[in-house]
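The values are calculated or read from the model by the stated rules, or taken from the named source; none is laboratory data. Since the model is a prediction, treat every value here as computed from it, not as a measurement. Backbone-built Cβ (ideal geometry, glycine too); neighbour counts: all protein chains shown. Remember, those area values only see protein heavy atoms, side chains included, never the ligands or the DNA or RNA. Shrake-Rupley method; radii C 1.70, N 1.55, O 1.52, S 1.80 Å.
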Amino acid sequence: MSSSETEPPAGELPVVAPQLRALRRRASLTLEAAARDAGLSPAHLSRLETGQRQPSLPMLLSLARTYGTTVSELLGEAAPGRDAVVRATDMEPTAAGGWTYWQAGAPGRGMQALRVRVPHGSQGDIVRVHPGEEWLYVLKGRLRLRLGDSLHRLGPGDSAHFDSLTPHRIAAVDPDGVDLLFVHTLLQSPTATLCLGPTHGEEP
């Protein structure tokens, strides 16, 4: 089992499991087709749908694109009204694969805004490739960003804006982790091939 997979608490079926199954069926995708589009094996997706594994944040993002929805809906969170302002008191933390993130924007928009905390040593080997754009801004700590063959180190106040078809992976440099603002575009076509990863490689 990889570091991005965790066992659910005994006797507890994560809300995300039935949501994943329901959204896949709503998109009229077979297990094999959905797994291929999200860059997972059918067996792995099946384990996610039955609650035997919990998805990491990159997996949630890939599955949200595949099903034409948002991470919030995958997690079974009730969609609030589309208010222009999101209050800090309304941002509930969600843990996924070692990362913690807070919704920083309204659901159902053309892009999704998150505040993300990435611990040191968490998911640094996951390479992501998918259509769209991503923008991130370092709030605290230092970030190692691999874009294709280029390696970048970003500190507080640094940002990056890139085409998501460029293979990319991020990791925290410091033991205390890194805090980010993160914005990515959402593609709303559930039948398109939306993700070509993740794959695994050595830590830069």
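Based on what the data block shows, is residue 146 within 23 Å of residue 112 (Cβ to Cβ) and free of Cβ contacts under 8 Å to residues at least 60 places away in the same chain? Spelling it out, residue 146 is indeed within 23 Å of residue 112 (Cβ to Cβ) and free of Cβ contacts under 8 Å to residues at least 60 places away in the same chain. Tallying residues that are in a helix (DSSP H, G or I) and either in contact with an Asp or Glu (Cβ under 6 Å, 6 or more places away or on another chain) or open to solvent by 10 Å² or more (accessible area, probe 1.4 Å) (or both) within the stretch 51-66 yields 2.
Confirm whether residue 114 is in contact with an Asp or Glu (Cβ under 6 Å, 6 or more places away or on another chain), among the hydrophobic types (A, V, I, L, M, F, W, C), modelled with pLDDT under 90 and open to solvent by less than 30 Å² (accessible area, probe 1.4 Å). No. Here residue 48 clears all of (1) modelled with pLDDT under 85; (2) open to solvent by less than 40 Å² (accessible area, probe 1.4 Å) except the condition numbered (1).
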